[in-house]
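The values are calculated or read from the model by the stated rules, or taken from the named source; none is laboratory data. All values derive from a computational prediction rather than experimental measurement. When we count neighbours, we look across all protein chains shown, and the Cβ atoms used for this are built from the backbone with ideal geometry, even at glycine.
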Amino acid sequence: MAEKVTLPLDVYKAFENLKAAWTSMISEDEFNTILLNINSIGKTVGDAEILRRYSQKNSTKYIKAIANGYIASEESDLVIQVHDRLQKWLDKSYECDESEDRMEFAKELTGYIKEQLATQ
């Protein structure tokens with residue numbers, strides 16, 4: 001059996017998110033056809049755009065990931081959790097002014113990291 005491809009976390013998540021969204025509506029072969037033609041699909045956004053950019057720079061690894069499967073690069077759980085918190089914060093609108101919101105997020109994130117490190 002061929003070895004699974006190790007992907008950057010954002011690419012891994014993009015594959016997983018698109019798979020979750022599409023494979024309940026279309027067959028695996030149809031989904032793989034979409035992935036293989038990611039550069040021909042016109043305008044892409046979000047996860048599809050992440051895969052499009054990755055496929056342009058890493059076409060062989062991209063095709064191998066579709067054919068052989070893939071795994072996420074070995075990032076610690078803490079890195080993944082911080083990534084997710086940051087993404088959630090970036091996706092929402094400012095509640096106050098930008099500077100104040102950044103400071104509040106920095107305090108929240110620092111507290112979270114301290115808590116996680118204390119329990120390790």
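Out of Thr110, Thr60, one residue alone is polar (S, T, N, Q) and over 25 Å from Glu3 (Cα atoms). It is Thr110. Listed by first and then second residue, the pairs linking a residue in segment 71-93 that is part of a helix (DSSP H, G or I) to a residue that is at pLDDT below 85 and among the acidic types (Asp, Glu), with Cβ atoms under 8 Å apart and 6 or more places separating them unless they lie on different chains, are His83/Glu75.
Taking the criterion of being in a helix (DSSP H, G or I) and either touching an Asp or Glu at 6+ places or on another chain (Cβ under 6 Å) or modelled with pLDDT under 90 (or both), the residues of segment 14-38 that qualify are Ala14, Asn17, Leu18. Please find, within segment 60-70, the residue that is nearest to Ile113 (Cα to Cα) out of those that are touching a residue at least 60 places away in the same chain (Cβ under 8 Å) and surrounded by 16 or more Cβ atoms within 10 Å (Cβ to Cβ). Restricting to residues being touching a residue at least 60 places away in the same chain (Cβ under 8 Å) and surrounded by 16 or more Cβ atoms within 10 Å (Cβ to Cβ), the top hit is Tyr70. With respect to the conditions (1) in contact (Cβ under 8 Å) with a residue 60 or more places away in the chain; (2) crowded, with 17+ Cβ neighbours inside 10 Å; (3) of a type in the set (Ser, Thr, Tyr), Thr6 lacks only one, and its number is (2).
Restricting attention to segment 13-59 and to residues that are aromatic (Phe, Trp, Tyr) and touching a residue at least 24 places away in the same chain (Cβ under 8 Å), the residue that is surrounded by the fewest Cβ atoms within 10 Å (Cβ to Cβ) turns out to be Tyr54. Among the residues of segment 1-38, those that are among the basic types (Lys, Arg) and either touching a strand residue (DSSP E or B) at 6+ places or on another chain (Cβ under 9 Å) or within 11 Å of Tyr70 (Cα to Cα) (or both) comprise Lys4, Lys13.
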